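Notes follow the structure.
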Amino acid sequence: MEEIETGYEVVVGTYEETLLGYKLVSNGSGYDLKQSFTSHGHAGCIKSVAVSPNKYLVSGSTDETIHIYNLNARTEHGSLLQHSGTITSVSFFTNSHMLSSSEDGTICIWRPSTWECVKILKGHKGAVNCVAIHPCGKLALSVGKDRTLRTWDLAQGKAAFVINLKVAADFVQWSPSGDLYVVAQLTTLDIYKVETGQVFCTYDFKLVINTAVFISDSLLAVGGECCDLHIYSISKQHCLGTFKAHDSRVKALSRVTSLDSDNESWLVSASSDGHLKTWKVEIENDQVRLTRDFLLQFNSV
């Protein structure tokens with residue numbers, strides 16, 4: 001049966017310094033992942049990856065570099081060498097700019113059209129664990145080992161607000177609308193409302209949290225140092241369901257709109273068990289069901 005490319009592609013960074021790409025193809029009765037590229041440009045494990053709308057892939061590594069890969073041409077595009085510490089996160093806002101954070105305590109703003117570093121944001125006293133861009137592109141949040149949550153005015157290129165945390169946060173993420181954001185601290189997730197700047201609710205995962213992603217403004221998928229995925233309702237402030245997803249800890253989650261329906265979501269999960277899985281998320285009357293669509297096995301994730 002003829003395979004048809006869907007336009008979806010999954011990119012995975014590994015401990016073995018390798019980037020792996022897989023295209024999602026339709027086989028008539030379902031979907032498969034077919035390997036599309038392999039890149040071994042880094043000299044350290046890969047900590048973060050991001051893709052721009054015009055198909056530039058960037059990856060940050062413990063080798064203190066950011067590598068650029070042109071997904072259209074399937075070629076290496078160069079490296080960014082501004083940071084002097086492990087790259088902890090990379091993220092795009094449309095095609096206009098890209099942000100990177102590092103254990104050197106800085107956040108860099110890059111212009112992808114030229115890959116020039118147009119601004120270096122300083123303020124954290126220690127490693128920056130994560131930076132996240134607001135959906136409007138004008139603000140960013142960052143968390144660091146100095147136990148602060150910082151709001152940045154990207155137009156002015158300076159800090160706008162600082163919140164002191166009791167525990168250093170591991171990552172921060174905006175909701176799709178930008179009205180909420182979540183801050184992960186060891187075993188808990190604090191969900192903040194932008195309009196008040198205060199914690200709206202807290203979810204105790206009981207174990208160390210490695211990853212979380214908004215399915216919608218009212219739902220979070222959470223994974224950590226166990227085999228399970230949790231679906232947490234922000235509006236109801238309780239866990240709607242817990243699902244055995246892997247045979248080892250869940251390291252990463254990503255959400256995409258289903259190809260079968262605009263009203264459905266897919267979750268992509270990666271685990272230390274060496275598997276990448278895609279799940280259909282179905283929610284009705286506060287009941288949630290995860291159905292695995294397809295699976296891919298790696299040597300490592």
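Place a +1 charge on the Cβ of each Lys and Arg in the chain and a -1 charge on the Cβ of each Asp and Glu, then give the dipole magnitude about the Cα centre in debye, rounded to the nearest 20.
820
Find how much the distance from S216 to T114 grows on full extension, using 0.36 nm per residue of separation minus their present alpha carbon separation; answer in nm with one decimal.
The span from S216 to T114 would gain 33.3 nm if fully extended.
For a quick check, take a GNM of the chain with Cα springs below 10 Å and name the residue from K122, K280, K206 with the largest mean-square fluctuation.
Taking springs between Cα atoms under 10 Å, the residue moving most is K206.
Quick one: 3J(HN,Hα) in Hz for the stretch 114-129, Karplus 6.51/-1.76/1.60 with θ = phi - 60°, rounded, Gly and Pro as x.
These are the phi-based 3J(HN,Hα) values: 10, 6, 7, 7, 8, 7, 10, 8, 10, x, 5, 9, x, 4, 8, 7 Hz.
So how far apart, in nm, are the two label points at V208 and K55 if each is 7 Å from Cα heading toward Cβ?
3.9
Rounded, prolate or oblate: which one fits the chain, using the alpha carbon gyration tensor with axes a ≥ b ≥ c (rounded when a/c is under 1.5, else prolate when a/b beats b/c, else oblate)?
In terms of gyration-tensor shape, oblate.
With r as the distance between the Cβ atoms of A73 and E16 and R0 = 35 Å, compute the FRET efficiency 1/(1 + (r/R0)^6) and round to 0.05.
With a Förster radius of 35 Å, E is 0.90.
On full extension of the chain, what length is gained from K125 through T38, given 0.36 nm per residue of separation minus the C-alpha to C-alpha distance?
27.7 nm
What list of ³J(HN,Hα) couplings, whole Hz, do you get for the stretch 225-241 from phi and the Karplus terms 6.51, -1.76, 1.60, once you set θ to phi - 60° and write x for glycine and proline?
7, 7, 8, 9, 10, 10, 10, 10, 8, 6, 5, 8, 6, 7, 7, 7, x
So how do T38, T18 rank on accessible area, 1.4 Å probe, biggest first, that is with the largest at the start?
Solvent-accessible surface, decreasing: T38, T18.
When ligands, DNA and RNA are left out and all protein chains stay put, how many square angstrom of accessible area per residue does the chain have with a 1.4 Å probe?
Using a 1.4 Å probe on heavy atoms only, each residue of the chain averages 45 Å².
Near the amide H of K119, under 5 Å away, which other amide H atoms are found, from residues 5 or more places off or on another chain, if H is placed in the peptide plane?
I109
With charges only on Cβ, +1 for K and R and -1 for D and E, what is the dipole size of the stretch 34-108 about its Cα centre, in debye, rounded to 20?
The calculated dipole for the stretch 34-108 is roughly 420 debye.
Please go through the residue pairs K138/K251; K119/K280; K34/K280; K23/K119; K23/K236 and name each one whose alpha carbons sit more than 31 Å apart in this structure.
Too far apart for the 31 Å limit: K119/K280; K23/K119; K23/K236.
The values are calculated or read from the model by the stated rules, or taken from the named source; none is laboratory data. Since we're looking at a predicted model, the values are computed, not measured. With ideal geometry, Cβ positions are generated from the backbone for all residues, glycine too; neighbour counts draw on all protein chains shown. SASA here: full protein model, heavy atoms, side chains in, ligands and nucleic acids out. Shrake-Rupley method; radii C 1.70, N 1.55, O 1.52, S 1.80 Å.
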